[in-house]
Amino acid sequence: MAKTQQTAPIKLRHAALFQQACYIGGQWSQAQSGATLDVDNPATGEIIGQVPNCNEQDTARAIAEAEKGFQVWRHKTANERNEVLMRWYQLMLDHTDDLGALMTLEQGKPLAEAKGEVNYAASFIKWFAEEARRAYGETIPGAKPGQHIVVTRQPVGVTCCITPWNFPAAMITRKAGAALAAGCSMIVKPAEATPYTALALAQLAEEAGVPAGVLNVITGKPQPIGEALTRSPVVRKLSFTGSTRVGSILMSQCAEHIQKVSLELGGNAPFIVFDDADLDKAVEGAMASKFRNTGQTCVCANRFLVQRSVHDAFVEKLTEAMKTLKVGDGFEEGVNQSALINRAAVEKVQQHYQDAMSKGAKRVFGPAPEGDRGNYVEPLLLTGIKPEMQVCHEETFGPLAAVMAFDSEDDAIRLANDTPYGLAAYFYSQNIHRVWRVADALESGIIGVNEGAVSNAAAPFGGMKASGLGREGSSHGMAEYEEIKYLCMGGE
Ligand SMILES: O=CCCC(=O)O
């Protein structure tokens, strides 16, 4: 798609939410080198604007400011942190329309879905604001008469996060909300494709009263910034959401200074439909799981495993449901499937499609994804999927539903676990004994049981195996930003 400058600049009610500068130490600034990166609209290819392309020196400046911010923030009371975070939460809700519009512009997702993400993102700030007041410790009986063991929780210090383009707001707030609630400062490095939502969040954080240096946003290419963040002895924690390949590189870099890491990496979610499932509910869950964010979600169903006796009925119902999907520009009324983020994303769907078709799959719904349609791909439904197909081994990250038939519960579990990943898994069954058996046997950090929408600020989100380390959201998510300190209080 040819890149042209956007003809009409975005109009927001709160104009200061469109920032084309980094936010470091409470100041908006450009990269020292003056270098910039273009940001485009994936639906049209038009260039929306430019943001600084920061390097190691800019990152070092952000780290120094975050260190100063930490010294201020760590001494605030839990109540003070709660109040600031609650104001940030409220401002996000007050500016949902503007934040949603910015998100649709840079990420593509349908406007209603973008506004839904603003709500979801804000819910993390609220959850952690509440949690800030509950950083309770423990007391444990000592080993000697009069001795007491006291356990306290303290912020880990300066933290950083590297966030993806698929959820430009929520993947920031579920890290920054936990970090700030725990008393840490944070440097956010948003994806190059979606910096504007992150910068808008920083503007609102400032308006909410987050002190200078506590939340910093630096934009640019990931490699020099990621290196500088992970090679710094000042930065005590990294949280990353993205691919397993990059997560593994970052983790090895973090080893140098033993930085704590939270990694939310790739997935390959199975969605199992047993013969005793409520098929209408299963289809409802399948639609929610597969087509959220046009298939570009790390917990999207990637492989549908359907018991042979209900296979045809499920496929028929899913086909009917898929007829309600409308592809188009995210700003267009009624659109619920948008452009994918870039050309490479489209090519991946095409490749999975061609590989599956060449190995015997059958196209049941949707046109063949061929030719140049910009970043658009029509939703597809394939049956006859086999374990050797690429779609069973890699995340498609697009609107392709791949259905495979299985015979027994053991087969379903074996096929579901036959992947190095273990982020989310879903299954539908009305048999309570089977529900417990299968939930115990699936090797995933998140299991949707008769449920296709599993994301919630109150729940511990994260994966097993190559899908990552640590949890986000819930009190477990806050613990990732805390150090446990134990005081051994001697007796007389
Ligand atoms: O894509 C990653 C996370 C999506 C979610 O929070 O549901």
Q.
Per DSSP helix of 4 or more residues, -39500 (n - 2.57); summed, then divided by the residues of the chain. What does that give at 222 nm, rounded to the nearest 500?
A. -12000 deg cm²/dmol
Q: With an 8 Å cut-off on Cα pairs and a minimum separation of 6 or more residues, tell me the relative contact order of the range 270-449 in percent.
A: 28 percent
**Q.** Accessible area in the full protein assembly, largest first, 1.4 Å probe, for LEU400, LEU12
**A.** LEU12, LEU400
Q | HN-Hα J in Hz across the range 24-33 - Karplus 6.51, -1.76, 1.60, θ = phi - 60°, x for Gly and Pro | A | 10, x, x, 10, 8, 8, 8, 5, 4, 6
Q. Considering only Cα-Cα distances, which of the following residue pairs are longer than 25 Å: LYS281/LYS348; LYS189/LYS290; LYS175/LYS281; LYS189/LYS237?
A. LYS281/LYS348; LYS189/LYS290; LYS175/LYS281
Q | Mean Cβ count within 10 Å, highest first, over the residues of peptides 463-470, 407-414 | A | 463-470, 407-414
Q | Relative contact order (percent, whole number), the chain, Cα cutoff 8 Å, 6+ residue spacing | A | 18 percent
**Q.** Whether the range 1-131 is rounded, prolate or oblate, judged on the alpha carbon gyration tensor where a/c under 1.5 counts as rounded
**A.** oblate
Q: Compute, for ILE258, the solvent-accessible surface of its heavy atoms (probe 1.4 Å) with the complete set of protein chains present, and express it in square angstrom to the nearest 10.
A: 130 Å²
Q | Stretch gain in nm, segment VAL234-ALA15, where the contour uses 0.36 nm per residue and the Cα spacing is subtracted | A | 75.4 nm
Q) aspartates and glutamates within cross-link reach of LYS126: Cα-Cα under 12 Å, excluding same-chain residues under 8 positions apart? A) GLU83
Q.
If amide hydrogens are placed 1.01 Å from N in the peptide plane, which non-local residues have theirs closer than 5 Å to the one on ILE272?
A. LEU305, TYR426, PHE427, TYR428
(Q) If I ignore ligands, DNA and RNA and count only protein heavy atoms, how much of GLU117 is accessible to a 1.4 Å probe, in Å² to the nearest 10? (A) 10 Å²
Q. Using the alpha-carbon centroid of each, what span in Å lies between the range 423-459 and the range 193-269?
A. 30 Å
Q. Got a sec to turn the phi values of the range 394-400 into Karplus ³J(HN,Hα) couplings, 6.51 cos²θ - 1.76 cosθ + 1.60 with θ = phi - 60°, whole Hz, x for Gly and Pro?
A. 10, 5, 6, 6, x, x, 10
**Q.** Peptides ranked, highest mean first, by Cβ atoms within 10 Å: ranges 194-200, 446-452, 221-227
**A.** 194-200, 446-452, 221-227
Q. How big is the C-alpha Rg of the range 111-191 next to the rule-of-thumb value 2.2 N^0.38 Å, as a ratio?
A. 1.50
Q: Assuming 1.567 mPa s and 4 °C, estimate D for the range 270-449 with Stokes-Einstein, Rh taken as the Kirkwood radius over Cα pairs, in µm²/s.
A: 79 µm²/s
Q: Mind giving me the FRET efficiency for GLU192 and ARG437? R0 is 41 Å, r the Cβ-Cβ distance, nearest 0.05 is fine.
A: 0.40
**Q.** Whether the range 372-492 is rounded, prolate or oblate, judged on the alpha carbon gyration tensor where a/c under 1.5 counts as rounded
**A.** prolate
Q. Roughly to the nearest percent, how much of the accessible area of the range 106-202 is carbon and sulfur, given a 1.4 Å probe?
A. 56 percent
Q.
I'd like the carbon and sulfur percentage of the solvent accessible area for the range 321-416, probe radius 1.4 Å, heavy atoms only, ligands and nucleic acids excluded.
A. 49 percent
Q. Using heavy-atom solvent-accessible surface (probe 1.4 Å) with all chains present, what is the largest-first order of ILE149, ILE218?
A. ILE149, ILE218
Q) Could you give me the ³J(HN,Hα) list for the range 483-492, computed from phi with Karplus coefficients 6.51, -1.76, 1.60 and θ = phi - 60°, whole Hz, x at Gly and Pro? A) 9, 8, 10, 10, 9, 9, 8, x, x, 6
Q) To the nearest 10 square angstrom, how much accessible area does HIS75 have with a 1.4 angstrom probe? A) 140 Å²
Q | Sites matching trypsin sites (Lys or Arg not before Pro) across the range 4-97 that sit in DSSP coil, with at most 11 neighbouring C-beta atoms within 10 Å | A | LYS11, ARG13
Q) In whole Å, how far is the Cα centre of the range 56-104 from that of the range 36-54? A) 24 Å
Q: Taking H placed 1.01 Å from N in the peptide plane, check which residues at least 5 places from ILE447 or on another chain put their amide H under 5 Å from its amide H.
A: ALA425
Q. Just from the alpha-carbon atoms, what are the Rg and Dmax of the chain in angstroms?
A. 23.2, 81
Q. For the chain, what is the percent of antiparallel DSSP beta bridges, rounded to the nearest 5?
A. 40 percent
Q: May I ask for the net charge around LEU415, where only other residues with Cβ less than 15 Å from the Cβ of LEU415 are counted and Lys, Arg are +1 while Asp, Glu are -1?
A: -3
Q.
Using amide H atoms built in the peptide plane, which far-off residues or other-chain residues are under 5 Å from LYS326 H to H?
A. ASN336, GLN337
Q) For SER252 and VAL449, what does the FRET efficiency come to when R0 = 35 Å and r is the distance between their Cβ atoms, rounded to the nearest 0.05? A) 0.45
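The values are calculated or read from the model by the stated rules, or taken from the named source; none is laboratory data. What you are looking at is a predicted structure, and each value in this text was computed from that prediction instead of being measured. With ideal geometry, Cβ positions are generated from the backbone for all residues, glycine too; neighbour counts draw on all protein chains shown. Areas reflect the complete protein model, heavy atoms only, side chains present, ligands, DNA and RNA absent. Shrake-Rupley method; radii C 1.70, N 1.55, O 1.52, S 1.80 Å.
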